[in-house]
Amino acid sequence: MSDSIKKYEEMMEAGGYVSDSTFNHIPKDPIVEDVVRTMRARSREGIQKYGTTLYDSPDGFYKFLNHLQEELMDATLYIEKIKQQK
């Protein structure tokens, strides 16, 4: 039996995972569920702050590229800060 199948069976036997209603045989990953909750909360905050969804945002292609670039620059700074904290 492969390691991945063994791990899957262990997860199912442990009962620590909730089944996805779409794919009842596939356990939900708690880490993914945490990220989904965080994304939903972030979406709500963005809608309240900007008065629109990302889907309905009137911003154009280059404005989105600028937003992405700014976020990536921030991420680079956070990484450097963490590296220097050792």
Which one is modelled with the highest pLDDT among residues in segment 22-43 that are more than 23 Å from ASP56 (Cβ to Cβ) and surrounded by 12 or more Cβ atoms within 10 Å (Cβ to Cβ)? GLU33
Filter segment 51-65 down to the residues that are part of a helix (DSSP H, G or I) and loosely packed, with under 12 Cβ neighbours inside 10 Å and list them by number. PHE61, TYR62, LYS63, LEU65
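The values are calculated or read from the model by the stated rules, or taken from the named source; none is laboratory data. Computed from a predicted structure; not experimentally measured. Every residue, glycine as well, gets a Cβ built from its backbone with ideal geometry; the counts of neighbours run over all protein chains shown.
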